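Notes for the one structure printed next.
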Amino acid sequence: MRLILALLGLLLSLASFANDGVYLTNGSLIYPTKETKIALDKEVLSFTIKDERAYVDIQFEFNNPENVARKLMVGFQAPTAGGDVSDDVSNSNQIDDFTIIQNGRILPYEVKAALCEDCELKEPEEFHFSQFENGIFVFLFEMTFEPGLNRITHSYSFPASRNVSFDQIYNYILRTGSKWASRKIKDLTINIDMGKNSFFFVHDIFGQGAKWSHIGAGKVTDKRFDYYDSDSCRMVRTLNGYLQIQVADYQPTKNIEFGIVNNDSFVCIPLDYEKLMSKEVVSLGHMQLESSYSASQLRLKRNTVYAQYGYAFKSADLRSYFSQFAWYMPDPNLKMEDIKLSEKEKNYIEKIRIKELSNK
């Protein structure tokens, strides 16, 4: 099934957050440009997701081939919130805890705004953004690049976005990396930690030369689904640890996007859409129950909760059923009493049990 997000209305903010681009001044104007000498040799980009918020840590290594130091204006871009949001939200940048450190010193910055990624910068008060009139905020700061290697650390946080198909979406504007010399990132590493017991998608924009691996207990599954712009997403299953993507000489033309399809269920649209439609699979959805479920369907829904924790079922039919899913990783050492259900899961299972008893 092809999922076309352009046709779907957004429910909450959909904002992308960027690495750094180069800016020049001309009189009172500040505008983006392309740097022809200083190269982005290495970028280690790490996302840690907690309580539907992304905490981002970035390690940059820039190379200045000249024998003299160069001072550049650099801007970090953060698009305004769009979709079904208030004007107050659209006119508030979504970035918190923004910090740039160079040579052990925290750099000062100021926040500007613009109508587009390549438009001139002005004071934020000069604009009135809305869900219909989007723009970008830019954190602007000066950096001095000494001859040779320059190491810079960067950190910030931002909230998840969502739409009618995905419960959590996280973005990062990677294509600004092409504004540095050589128009590419020589050595790019991306780490994504979605937390324990998670199943998430990652927009596959890195090409066949990229190395995808899971550090810790988990796996990069063979499950994919089509995304907009004719790209596909890869699905990653994590028990503990994180996803790592490594790619060399990467020329970024698209941005990173990853997230969770359904907060409650690993079995959901669009991952198993065809099976859902043919009624071969009973989805947890958002843990809502209907009156039409059969006894066998209720049993599957109840045990799907335990399957998502990795419980190794003793019943042959349950083992066979859940083994069809890429996310199912049964742990023979896991005991039922060791599974710590959330209150939502406990209530959901209790409702199922009541229905099962009433059907007898």
A correct Karplus calculation of ³J(HN,Hα) over the range 138-155, with 6.51 cos²θ - 1.76 cosθ + 1.60, θ = phi - 60°, whole Hz and x for Gly and Pro, returns 10, 7, 10, 8, 9, 10, 9, 9, 6, x, x, 7, 10, 9, 9, 10, 9, 8
Chymotrypsin sites (Phe, Trp or Tyr not before Pro) in the range 314-356 lying in a DSSP loop, each with at most 11 other Cβ atoms within 10 Å of its Cβ, come to none
Looking only at aspartates and glutamates whose Cα falls under 19 Å of Lys351's and that sit 8 or more positions away or on another chain, we get Asp264, Glu290, Glu343
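Got a number for carbon plus sulfur as a percent of the range 32-185's accessible area, 1.4 Å probe?
Working: 2960 of 6700 Å².
Answer for the range 32-185: carbon and sulfur cover 44 percent of the accessible area.
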To the nearest 10 degrees, the tilt of helix 343-359 (Cα long axis) against the first principal axis of the alpha carbons of the chain is 30
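Using a 1.4 angstrom probe, figure out how much accessible area the chain has per residue, in square angstrom, rounded to the nearest whole.
Details: 17010 Å² over 360 residues.
Each residue of the chain exposes 47 Å² on average to a 1.4 Å probe.
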The set of cysteines in the chain having no other cysteine's C-beta under 4.7 Å reads Cys233, Cys268
Counting only protein heavy atoms and leaving out ligands, DNA and RNA, the solvent-accessible surface of Ser278 at a 1.4 Å probe, in Å² to the nearest 10, equals 60
With a ≥ b ≥ c from the Cα gyration tensor eigenvalues, square-rooted, and the rule rounded for a/c under 1.5, otherwise prolate when a/b > b/c and oblate otherwise, the range 215-283 is oblate
Descending packing, highest mean Cβ count within 10 Å first, for 82-90, 66-74 is 82-90, 66-74
Summed over the other residues with a beta carbon less than 14 angstrom from that of Ser283, with K and R at +1 and D and E at -1, the charge totals -2
Under the rule rounded for a/c under 1.5, else prolate if a/b exceeds b/c, else oblate, using alpha carbon gyration tensor axes a ≥ b ≥ c, the range 175-309 is classed as prolate
extent check for the range 125-191: Cα max minus min per principal axis, descending, whole Å, gives 47, 35, 22
Checking rank on 261-273, 294-306, with mean other Cβ inside 10 Å and highest first, the result is 261-273, 294-306
Computed over the chain: longest principal axis from alpha-carbon atoms vs helix 295-308 long axis, angle to nearest 10 degrees, is 40
The answer for Ile173, listing residues at least 5 apart or on another chain whose modeled amide H is closer than 5 Å to its amide H, is Phe17, Ala18, Asn19
For the table Lys223/Lys340; Lys122/Lys254; Lys50/Lys219, the rows whose alpha-carbon distance is greater than 23 Å are Lys223/Lys340; Lys122/Lys254
Of the accessible area of the range 213-315, computed with a 1.4 Å probe and all protein chains kept, carbon and sulfur make up a percent value of 46
Using alpha-carbon coordinates alone, the radius of gyration and Dmax of the range 235-354 in Å work out to 16.7, 58
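The values are calculated or read from the model by the stated rules, or taken from the named source; none is laboratory data. The model shown is predicted, which means the values in this text are computed figures rather than measured ones. All Cβ positions, glycine included, derive from the backbone under ideal geometry; neighbour counts span all protein chains shown. In case anyone asks, the SASA skips ligands and DNA or RNA and just uses the protein heavy atoms, side chains included. Shrake-Rupley method; radii C 1.70, N 1.55, O 1.52, S 1.80 Å.
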